[in-house]
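Encoded as structure tokens, the structure appears first; notes follow it.
The values are calculated or read from the model by the stated rules, or taken from the named source; none is laboratory data. A quick note: this is a predicted structure, and the numbers were derived from the prediction, not measured. Don't worry about glycine lacking a Cβ; one is built from the backbone with ideal geometry, like all the others, and counts go over all protein chains shown. Surface accessibility is based on the protein's heavy atoms, side chains included, excluding ligands, DNA and RNA. Shrake-Rupley method; radii C 1.70, N 1.55, O 1.52, S 1.80 Å.
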There are 2 protein chains.
Amino acid sequence: MMQQLIDSIIQPTFSNDILNQKHDSAVLNVNGSRLAFTTDSYVIKPLFFSGGDIGKLAVCGTLNDLAMSGAKPLYITCSLIIEEGFAIKDLQQILLSMQQTAKQAGVHIVTGDTKVVDKGKGDGLFINTAGIGLIPEEVSIQASSIQTGDHIIINSDLARHGIAIMLEREGIDFENSIQSDCADLSGLVQDMINAGLHPHCMRDLTRGGLASGLIELATASKYHFEINETSLPIQDDVKSACEILGFDPLYIANEGCFVLFVAEADSEKVLNCLHQHELGKQACVIGKVTDKHNKGMVSLETAMGISRVLDLFSGEQLPRIC
Amino acid sequence: MMQQLIDSIIQPTFSNDILNQKHDSAVLNVNGSRLAFTTDSYVIKPLFFSGGDIGKLAVCGTLNDLAMSGAKPLYITCSLIIEEGFAIKDLQQILLSMQQTAKQAGVHIVTGDTKVVDKGKGDGLFINTAGIGLIPEEVSIQASSIQTGDHIIINSDLARHGIAIMLEREGIDFENSIQSDCADLSGLVQDMINAGLHPHCMRDLTRGGLASGLIELATASKYHFEINETSLPIQDDVKSACEILGFDPLYIANEGCFVLFVAEADSEKVLNCLHQHELGKQACVIGKVTDKHNKGMVSLETAMGISRVLDLFSGEQLPRIC
């Protein structure tokens, strides 16, 4: 329904060439420089969760949106909507978390805004972050750069963020606490770009998880993606939690997980580079791009050798996951 | 209390050279270009009011923050937090209003985000906009550029936004409906800059009104501002409404009103330029900068010839005015 709202009302109202590219970041030409510009509001519930909090999430989310366009993040903003009565110590902890995450990424929080709404007219705290980054001349990362034969690489294991939030929200104490994968991917991406490696496209796997991210890119690029189910990294306890809760991990949100598309010839070099970074240790090829059939679709080769087509709307989406 | 929260917790946590300048826009050097970058969240209540709606306000507010740094606004973002059950037709009207305001200003809404929160966890609609603009090489607008002898010029009459909202909220039907002054000031500012006129400083008079804006600049510049009460443009019906409601119009929020500081020698030229624009027809000199005494303070010469010092906290601030 959210996607319908965006597609049927928001997108058509604001329609312009840049917005219509539907990237997480807008890519702008400003005075001869290529800038990435992005924004996200965070309404996650609960505010604190295993592996992070809304502050870390709000900074990482915007850094990751910038990184996915190949930009080096430079500056971010922080706008707070605070519900009357929200605990100052929680606010302090969340702001500190934002500051630490920004500092580690080498970006500054340069401007912001604070609004307070009456009790019962908000939900503790909502945060908006916007960010700008600089895209190097030689970098061109977009769905239309995807080519037949490209390897599809993932950096890390799936579905931890969504499951961590769900367990927290439902008060379920799982045997091994599952931590959100919430992390800033911009350093990892910069390492790749600085090494002269040029992915054709990248996408972080947030709302809607791996399946939704891949389907969007398959639709945009008009290619067919073949994904090998057995190659998908998923922690055993996450698999168990998904089975118990009745979720498909392919549709669960991540906050430190992305796919990239790269020419087969560069695949090994990209993997070697990713493996050297903490957030890329599990990096592996999960599939490839073909133009054989089913253009604009994603098929999953299951462990039993059966191929099934992934559908954008078949998966349950958790509300307020980010 | 809001100012205390910002000064005691938010500002110190994020402290850095750019943020500490406390401009409405951060001024950044990106790849040799001077960019202005700003953000604001809008939680105004009611969403529709005489003279505008939250959509127009959200675009104008960000355009004005950019304009006050001398930037030509280029691109803005739109992030929505929608409460479940919010009427689609209201959303459409608000988005259309954003689009029209952006179009008139010649800027594009290039990226955005949409979140839905459960019923009772929001208040209809909150909007965040962020914006970037380009500051011409020769422009340097900041509190530290204010000089002794500068004329202080206002573009338009005071207190209409705050009073319009208050009347709407209280359901008071005033004899002549008072309209919010909500407007995009960037065109007016661009006209001045294109005419080669260089104000030393500009400030839009939003939350806290004229008094708070001037006091902040007096504190930052360490000069004394003498304001002549009889020169302040205020509509008669706004004056009456202020008297009935018990508000001081000097502390009431505006959304299309700003002050600028300019060398006495350029004052006449600036006034001539402002008078040619619809939003500057009432432009006039309201006071001047001195270094005589009371540094960092603002004094108001009243109609009766008495001088009183304006205090940052003496005025009532309306909640959720923007």
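Name the one entry in A:Gly196, A:Gly187 that is free of Cβ contacts under 8 Å to residues at least 40 places away in the same chain and surrounded by fewer than 24 Cβ atoms within 10 Å (Cβ to Cβ).
The match here is A:Gly196.
Would you please list the contacts, defined by Cβ atoms under 8 Å and residues six or more apart or on different chains, that run from a residue in the stretch A:278-305 that is assigned by TED's automatic domain parsing to the domain that holds A:Phe261 and in contact (Cβ under 8 Å) with a residue 60 or more places away in the chain to a residue that is assigned to a strand (DSSP E or B) and aromatic (Phe, Trp, Tyr)?
Between residues of the stretch A:278-305 that are assigned by TED's automatic domain parsing to the domain that holds A:Phe261 and in contact (Cβ under 8 Å) with a residue 60 or more places away in the chain and residues that are assigned to a strand (DSSP E or B) and aromatic (Phe, Trp, Tyr), the close pairs are A:Gly287/A:Phe225; A:Lys288/A:Phe225; A:Val289/A:Phe225; A:Val289/A:Phe261; A:Thr290/A:Phe225; A:Met297/A:Phe225; A:Val298/A:Phe225; A:Ser299/A:Phe225.
Condition (residue is assigned by TED's automatic domain parsing to the domain that holds B:Asp291, among the acidic types (Asp, Glu) and touching a strand residue (DSSP E or B) at 6+ places or on another chain (Cβ under 8 Å)) applied to the stretch B:164-175: is it met by at least one residue?
yes
What is the number of the single condition among (1) open to solvent by 10 Å² or more (accessible area, probe 1.4 Å); (2) away from chain A (no Cβ under 14 Å); (3) of a type outside the set (Gly, Ala, Ser); (4) over 16 Å from the mean Cα position of the chain (by Cα) that B:Ile146 does not meet?
Here B:Ile146 clears every test but (1).
Taking the conditions exactly as written (open to solvent by less than 30 Å² (accessible area, probe 1.4 Å), at pLDDT 95 or above and either among the acidic types (Asp, Glu) or not in a strand (DSSP E or B) (or both)), does B:Ala211 satisfy them or not?
So B:Ala211 passes the test.
Among what's in the stretch B:99-123 and is among the polar types (S, T, N, Q) and in a helix (DSSP H, G or I), pick the residue that is most open to solvent (accessible area, probe 1.4 Å).
In this case the residue turns out to be B:Gln104.
Quick check, is B:Phe37 under 25 Å from A:Thr114 (Cβ atoms) and more than 18 Å from the chain's Cα centre (by Cα)?
no
Matching residues to (1) over 17 Å from A:Cys201 (Cα atoms); (2) open to solvent by less than 50 Å² (accessible area, probe 1.4 Å); (3) in contact (Cβ under 8 Å) with a residue 40 or more places away in the chain:
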| site | (1), (2), (3) |
| --- | --- |
| A:His224 | no, yes, yes |
| A:Glu229 | yes, no, yes |
| A:Leu232 | yes, yes, yes |
| A:Val238 | yes, yes, yes |
| A:Asn254 | yes, yes, yes |
| A:Leu260 | no, yes, yes |
| A:Ala263 | no, yes, yes |
| A:Ser267 | no, yes, yes |
| A:Cys273 | no, yes, yes |
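Please find, within the stretch B:18-34, the residue that is farthest from the chain's Cα centre (by Cα) out of those that are facing chain A (nearest Cβ under 7 Å) and free of Cβ contacts under 8 Å to residues at least 24 places away in the same chain.
B:Asn31
Restricting to the stretch B:158-174, what's the tally of residues that are assigned to a loop (DSSP other than H, G, I, E, B) and surrounded by fewer than 19 Cβ atoms within 10 Å (Cβ to Cβ)? Working first, answer last.
Initial filter on the stretch B:158-174 (assigned to a loop (DSSP other than H, G, I, E, B)): B:158-159, B:171-174.
Next, from what is left, pick out any that are surrounded by fewer than 19 Cβ atoms within 10 Å (Cβ to Cβ): B:171-174.
Going through the stretch B:158-174 one residue at a time, the tally reaches 4.
Considering the stretch A:124-138 alone, what residues qualify as being part of a strand (DSSP E or B) and more than 7 Å from chain B (Cβ to nearest Cβ)? Explain how you work it out, then say what you get.
The initial filter retains those residues of the stretch A:124-138 that are part of a strand (DSSP E or B), namely A:125-134.
Matches in the stretch A:124-138: A:Leu125, A:Ile127, A:Thr129, A:Gly131, A:Gly133.
At least 3 residues that are under 22 Å from B:Phe126 (Cα atoms) and hydrophobic (A, V, I, L, M, F, W, C) in each: list the strands (runs of 3 or more DSSP E) lying fully within the stretch B:1-98 that qualify.
Per the criteria, B:72-83.
Yes or no: the stretch A:35-47 includes at least one residue that is exposed (fewer than 15 other Cβ atoms within 10 Å of the Cβ) and in contact (Cβ under 8 Å) with a residue 60 or more places away in the chain.
Taking every residue of the stretch A:35-47 in turn, at least one turns out to be exposed (fewer than 15 other Cβ atoms within 10 Å of the Cβ) and in contact (Cβ under 8 Å) with a residue 60 or more places away in the chain.
If you scan the stretch B:63-76, which residues turn out to be among the hydroxyl-bearing types (Ser, Thr, Tyr) and facing chain A (nearest Cβ under 10 Å)?
B:Tyr75
Hey, can you tell me all the residues within the stretch B:82-106 that are within 10 Å of chain A (Cβ to nearest Cβ) and among the acidic types (Asp, Glu)?
Answer for the stretch B:82-106, where residues must be within 10 Å of chain A (Cβ to nearest Cβ) and among the acidic types (Asp, Glu): B:Glu83, B:Glu84.
Out of B:Ser15, B:Ser79, B:Ser50, report the one residue that is within 11 Å of chain A (Cβ to nearest Cβ), open to solvent by 10 Å² or more (accessible area, probe 1.4 Å) and either at pLDDT below 95 or farther than 20 Å from B:Ala220 by Cα (or both).
Result: B:Ser15 is the single residue among B:Ser15, B:Ser79, B:Ser50 that is within 11 Å of chain A (Cβ to nearest Cβ), open to solvent by 10 Å² or more (accessible area, probe 1.4 Å) and either at pLDDT below 95 or farther than 20 Å from B:Ala220 by Cα (or both).
Report every pair of residues separated by at least 6 positions or lying on different chains whose Cβ atoms are under 6 Å apart, first residue within the stretch B:80-93 and over 18 Å from B:Leu57 (Cβ atoms), second open to solvent by 70 Å² or more (accessible area, probe 1.4 Å).
Pairs found: B:Glu84/B:Lys119; B:Gly85/B:Lys119.
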